[in-house]
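Peer 1: Encoded as structure tokens, here's the structure I'll be asking about.
Only the coordinates and a few stated rules stand behind these numbers; no lab work does. None of the values given here were measured: they were computed from a predicted structure. No Cβ is skipped: glycine too gets one built from the backbone with ideal geometry, and neighbour counts run over all protein chains shown.
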Amino acid sequence: MPQILQATGLSHSYGAFQALAPADLTLTAGEISVLEGPNGSGKSTLMLCLAGLMRPTEGTVRIEGYDLYADEPEAKRRLAFMPDVPRFYAEMTAWEHLRFLALAHDAGEGFESRAEQLLKEFGLWEARNLLPHLYSRGMSLKLGLLFALIRPFKVLLLDEPTSALDAATSRMFVARLAALRGQGAAILLSTHDPDLKSGLADRVFFLEHGRLSVA
Amino acid sequence: MDPVWTLFSRRTFAQLAYWLSVLGYNLRDRTRTNRFYFVYFCIFWLIWITAVFALLGASSANFVRSLQVASPSALAVLIGVFSIVVWSWIQLWQATGRSPFVFSEEDAYLLCQTPVSRRKVGLAWFLQSWIGNALPFAAGAIVISFTLVELTLQHGVDYAHLISYLSTSLRALAIVLPLQMAFQAFSWGIGALRLRRSWRSGAWLLGWLRPAVFVLGLILLVGIFLPGLRAVIMTLLSFPLEAAFAGSMTPVGWLIRAALDLAYLGAGLLFLILCSDKIHMGRAAQETQLHAAVQLARGSWNFSLADILEHRQRLGTTHAPSRLPARPGVWMLIWKDAIQSLRSLRAGQALGWIFVFGLGLEIFLLSNFPVQMVMGALWTIALGGLTTERLRTDLARWWLLRSLPLRANDLLIAELGLSCGLGVLLGWLALAVSGKPPLLGAFAAVLVPILVAISALAAAHDILSHSKTRNLMSPSIAEENVARQNIEGVIRALLSGAVPMGMMCWSLTHPAQIGWALAAVPLALMIMIFNLRTVGLAYRWME
């Protein structure tokens with residue numbers, strides 16, 4: 001299977017504090033990798049660097065050969081990320097958010113039917129015209145995940161995706177991830193959930209004191 | 001002790017302790033030295049407050065003298081009547097739209113679910129709110145009293161007049177505060193009536209409360225022009241208020257007026273107590289939780305949080321999908337900006353843009369070069385703040401913004417585009433109104449968009465260079481973590497815009513030297529491109 005994401009010598013420091021020691025990491029198509037580690041070990045920093053939201057102090061990230069910073073639009077077209085606490089525009093409804101993201105990624109074709117199907121699948125159809133600040137944490141996580149699913153991607157990065165999901169949604173979520181793996185997506189999950197790890201992980205990365213290792 | 005009064009006393013004490021600590025006294029410190037300090041604290045503030053009121057009284061006395069009013073005490077009564085009528089009507093209008101009893105989220109869970117006496121809750125919440133509402137009336141009554149005393153003095157103020165100042169103020173407070181309390185109690189009573197649980201016989205009445213208050217407002221407005229109606233309104237209120245401000249009055253006359261004042265208060269409180277026996281506290285909590293959070297944020301000087309909460313309150317809960325036409329790619333940022341702008345439109349924003357227009361007008365109309373430059377500096381600063389508002393709110397959703405597959409410069413241009421467009425239109429409008437000669441006007445018209453862009457980009461650079469990804473992704477309120485334009489940004493904006501702005505202003509004041517405006521265009525363009533490049537780098541290299 002081809003390597004979709006390649007991070008080389010990736011490190012990040014907050015001033016004198018090194019949150020992430022230089023690390024190499026690859027994500028392969030059709031594989032789910034789990035990132036685990038204690039609180040404060042640098043998981044979120046690594047995820048933010050891989051997602052292109054935080055500039056690493058050193059190192060490069062390539063997605064299908066495109067450098068995440070030098071060829072940003074091309075790399076980000078292939079990359080989807082959901083943080084542990086997704087934030088939304090206060091003035092736009094869930095439906096409008098989905099439309100905005102789909103069209104911004106040039107994935108407007110068949111948007112309406114795709115959005116309807118996803119919203120129904122995740123139980124958000126009735127709340128599609130609700131402003132998202134009224135969403136519960138679980139609903140926010142589901143909507144955050146839909147932002148990734150509404151458009152095509154090759155790499156999916158998820159930070160604590162099941163922390164506020166109910167049991168039924170968690171099961172549906174696991175099935176979704178397994179299906180995405182089957183479709184050839186490279187997925188990296190940062191999680192403390194042992195069930196998620198045992199049920200899905202093809203590979204496990206362990207991060208402690210900013211040092212990455214393969215478990 | 002009763003739980004409602006326990007809560008009331010704790011909250012009042014906490015509020016008192018907070019304000020005393022703001023003024024410099026720690027109420028919770030029980031040491032002996034702190035008690036001595038309390039004496040000093042009281043004397044200091046008493047003298048300070050008296051001095052401030054004497055100053056205000058002296059200024060307003062001079063103003064009244066300049067108006068050559070025949071009877072200042074009649075004017076004082078009129079001001080009192082007007083203030084109470086307008087304020088009461090506003091209170092009444094608010095009480096018929098939303099519960100006057102404001103319950104926080106904690107109250108909603110801990111108090112509103114319990115079978116405590118609704119009447120006690122009604123009265124306790126009323127008293128708590130009254131303290132804050134009464135303060136401006138108390139201050140107003142004291143200023144008017146000081147003014148009236150000042151007007152009777154022929155040879156300035158001395159210590160002997162202090163007693164006169166204090167006694168007149170106390171007399172006014174003794175009348176004004178119960179009257180204001182009575183009217184607030186009446187408004188809250190109406191609010192309590194609206195919140196009554198299972199009031200079947202009077203349910204039809206509730207739907208008419210708000211229209212009735214609206215009609216009452218119209219009657220009061222019309223009353224200004226109808227002497228008969230005005231006399232009725234005036235008599236009902238001016239009679240007791242004469243006891244507060246009228247100069248010469250017999251003790252019996254004063255007592256009769258004071259008794260009427262107290263009768264109003266008694267009636268108001270009785271009405272409130274009777275109406276609040278069955279208030280639906282759950283419904284009241286539902287209506288006011290967000291309002292309570294806003295009050296708390298304002299009370300702790302967190303105005304940006306209060307603005308965010310108020311913004312959410314105004315937005316409501318749902319919206320039908322926008323019908324604005326959308327195009328894929330970077331255009332979606334304009335589409336998003338248009339939806340956000342349309343849904344968050346408010347008068348306060350318009351004031352900012354009117355200010356920018358006014359400054360633009362002054363730049364083009366004035367013929368004094370230094371003053372023009374000062375106006376230009378203010379225009380640059382004001383524009384920088386207004387044009388980057390959208391960028392700031394979007395930075396609070398960093399994970400969405402930065403995930404878009406767009407080039408940094410395209411994204412930044414789209415982020416600043418709409419507001420810069422408005423700035424340019426206002427600049428052109430100001431230029432058109434000023435009626436400059438065609439050639440000079442044409443150069444200025446070319447320079448306006450470039451200067452707008454320079455200001456916006458300088459402010460954006462400052463915001464971006466002070467923002468940190470870690471803060472933008474923090475789980476607390478996102479907007480709170482976005483940097484604002486600070487002094488560095490202001491200096492940068494002024495330095496970027498000063499030379500081309502100066503060259504334009506010089507040409508405007510010296511039309512013969514139009515070459516300066518011509519030379520300003522390429523220079524401004526170069527600065528704009530430099531600013532765009534640095535903003536792009538700040539965005540892409542954000543740590």
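Peer 1: Excluding A:Pro161 itself, calculate the net charge of residues whose Cβ lies under 11 Å from the Cβ of A:Pro161, where each Lys or Arg counts +1 and each Asp or Glu counts -1.
Peer 2: Values: positive: A:Lys142, A:Arg176; negative: A:Asp84, A:Asp159, A:Glu160, A:Asp193.
Summing Lys/Arg as +1 and Asp/Glu as -1 gives -2.
Peer 1: Still on this model: If you add up the charges near B:Thr318, with Lys and Arg at +1 and Asp and Glu at -1, over every other residue whose beta carbon is less than 15 angstrom from its beta carbon, what do you get?
Peer 2: Working: positive: A:Arg128, B:Arg312, B:Arg314, B:Arg343; negative: A:Glu91, A:Glu96, A:Glu126.
Neighbour charge sum, excluding B:Thr318 itself: +1.
Peer 1: Something else about it: Going through the cross-link list A:Lys43/A:Lys154; A:Lys120/A:Lys197; A:Lys43/A:Lys120, which pairs have a Cα-Cα distance over 25 Å in this structure?
Peer 2: Working: A:Lys43/A:Lys154 21 Å; A:Lys120/A:Lys197 27 Å; A:Lys43/A:Lys120 32 Å.
Long pairs (Cα-Cα over 25 Å): A:Lys120/A:Lys197; A:Lys43/A:Lys120.
Peer 1: So for the pair A:Asn129, B:Trp208, with labels modelled 7 Å out along Cα→Cβ, what separation do we get in nm?
Peer 2: The answer from the label model is 3.4 nm.
Peer 1: Oh, and also: Choose one answer from A:Glu126, A:Glu36, A:Glu96: the residue with the largest mean-square fluctuation in a GNM of chain A with alpha-carbon springs under 10 Å.
Peer 2: Highest fluctuation of the listed residues: A:Glu126.
Peer 1: Hey, another quick one. Helix-derived [θ] at 222 nm for the protein assembly as shown: sum -39500 (n - 2.57) over DSSP H runs of at least 4, divide by residue count, nearest 500?
Peer 2: Working: 28 runs with 498 residues, N = 758.
After summing the helix terms and dividing by the residues of the protein assembly as shown, the value is -22000 deg cm²/dmol.
Peer 1: Determine the dipole magnitude for the protein assembly as shown: charges of +1 sit on the beta-carbon of Lys and Arg, -1 on that of Asp and Glu, nothing else is charged, the reference point is the Cα centre, and the result goes in debye to the nearest 20.
Peer 2: Details: 62 positive and 49 negative charges, 294 e Å.
The calculation lands at about 1400 debye.
Peer 1: Right, here's the next one. What's the average, rounded to a whole number, of partner chain beta-carbon atoms within 10 Å of each residue's beta-carbon in A:125-132?
Peer 2: Numbers: counts 0, 0, 1, 2, 5, 3, 7, 0.
Neighbouring Cβ atoms belonging to other protein chains average 2 per residue here.
Peer 1: Apply 1/(1 + (r/R0)^6) to the Cβ-Cβ distance of B:Ala498 and B:Ser304, taking R0 = 30 Å, and write down the FRET efficiency to the nearest 0.05.
Peer 2: Numbers: r = 30 Å, r/R0 = 1.00.
Once rounded, the FRET efficiency stands at 0.50.
Peer 1: Taking every residue in B:334-346, how many Cβ atoms of other protein chains lie within 10 Å of its Cβ, on average?
Peer 2: Numbers: counts 0, 5, 10, 1, 0, 6, 4, 1, 1, 5, 2, 0, 0.
The mean count of partner-chain Cβ atoms within 10 Å per residue comes to 3.
Peer 1: By how many degrees, between 0 and 90 and to the nearest 10, does the Cα long axis of helix B:331-343 differ from the longest principal axis of chain B?
Peer 2: It works out to around 20 degrees.
Peer 1: Using only Cα atoms, find the angle between the long axis of helix B:515-540 and the longest principal axis of chain B, and express it within 0 to 90 degrees, rounded to the nearest 10.
Peer 2: Helix B:515-540 sits roughly 80 degrees off the main axis of chain B.
Peer 1: Now for a separate question. Among all stretches of chain B without exposed trypsin sites (Lys or Arg not before Pro) (DSSP loop, at most 12 other Cβ atoms within 10 Å), which one is longest? Mind dumping the intermediate values first?
Peer 2: Values: sites that count: B:Arg28, B:Arg30, B:Arg197, B:Arg200, B:Arg323, B:Arg346.
That would be B:347-543.
Peer 1: Can you tell me the length gained on complete extension of the stretch B:Leu260 to B:Leu218, counting 0.36 nm per residue apart and subtracting the Cα distance? If you can, show how the numbers build up before the last one.
Peer 2: Values: separation 42, 0.36 × 42 = 15.12 nm, distance 2.66 nm.
Net length gain for the segment: 12.5 nm.
Peer 1: Among A:Thr169, A:Pro132, A:Ala215, whose Cα projects farthest towards the positive end of the dipole of the stretch A:77-215, with charges put on the beta-carbon of Lys, Arg (+1) and Asp, Glu (-1)?
Peer 2: My answer, from the dipole projection, is A:Ala215.
Peer 1: Further question on the same structure: Would you mind counting up the charge near B:Gly385? Only other residues with Cβ under 10 Å from its Cβ, with Lys and Arg at +1 and Asp and Glu at -1.
Peer 2: Values: positive: B:Arg392, B:Arg484; negative: B:Glu389.
Local net charge: +1.
Peer 1: Counting only C-alpha contacts under 8 Å and six or more residues apart, can you give the relative contact order of chain B as a whole percent?
Peer 2: Numbers: 587 pairs, mean separation 75.2, N = 543.
Computed over chain B, the figure is 14 percent.
Peer 1: I'd like the orientation of helix B:438-466 relative to chain B: the angle between its Cα long axis and the longest Cα principal axis, in ° from 0 to 90, rounded to 10.
Peer 2: Once rounded, the angle reads 70 degrees.
Peer 1: Could you pull out every one of the lysines with an alpha carbon less than 18 Å from that of B:Lys278, ignoring same-chain neighbours closer than 8 positions?
Peer 2: Within the straight-line limit of under 18 Å, B:Lys278 reaches these lysines: B:Lys120.
Peer 1: Before anything else, pin down the relative contact order of the stretch B:331-540: Cα pairs under 8 Å, at least 6 apart, normalised by residue count, whole percent.
Peer 2: Values: 263 pairs, mean separation 58.5, N = 210.
RCO, the stretch B:331-540: 28 percent.
Peer 1: Related question: Taking 30 Å as R0, compute the FRET efficiency from the Cβ-Cβ separation of B:Ala139 and B:Arg484 and round it to 0.05. List each step's numbers first, then the result.
Peer 2: Working: r = 33 Å, r/R0 = 1.09.
Efficiency, from the Cβ-Cβ distance: 0.35.
Peer 1: Label-point separation (nm) for B:Ile90 and B:Trp130, each offset 7 Å from Cα along Cα-to-Cβ?
Peer 2: It works out to 2.0 nm between the two label points.
Peer 1: OK, next. Using the C-alpha gyration tensor of the protein assembly as shown, what are the square roots of 5 times its eigenvalues, in whole angstrom, with the largest one first? Write down the numbers at each step before the final one.
Peer 2: Values: eigenvalues 642, 286, 131 Å².
After diagonalising the Cα gyration tensor, the semi-axes are 57, 38, 26 Å.
Peer 1: If I build a Gaussian network model for chain A, linking alpha-carbon pairs within less than 10 angstrom, which residue out of A:Phe100, A:Phe153, A:Phe81 has the largest mean-square fluctuation?
Peer 2: In the Gaussian network model the winner is A:Phe100.
Peer 1: Size of the dipole of the stretch B:57-145 about the Cα centre, Lys and Arg at +1 and Asp and Glu at -1 on the beta carbon, nothing else charged, in debye to 20?
Peer 2: Working: 5 positive and 3 negative charges, 52 e Å.
About 240 debye.
Peer 1: According to a simple spin-label model (label point 7 Å from Cα along Cα-to-Cβ), what is the distance in nm between B:Leu20 and A:Lys120?
Peer 2: Label-label distance for A:Lys120 and B:Leu20, simple model: 6.5 nm.
Peer 1: Using the beta-carbon distance between B:Phe239 and B:Ile491 and R0 = 41 Å, what value does 1/(1 + (r/R0)^6) give for FRET efficiency, to the nearest 0.05?
Peer 2: On the way: r = 61 Å, r/R0 = 1.49.
Given R0 = 41 Å and the Cβ-Cβ separation, E is 0.10.
Peer 1: Using 0.36 nm per residue of separation minus the Cα-Cα distance, give me the extension gain between B:Ala432 and B:Thr114 in nm, one decimal. Before the final figure, lay out each step's value.
Peer 2: Values: separation 318, 0.36 × 318 = 114.48 nm, distance 6.56 nm.
Length gained between B:Ala432 and B:Thr114: 107.9 nm.
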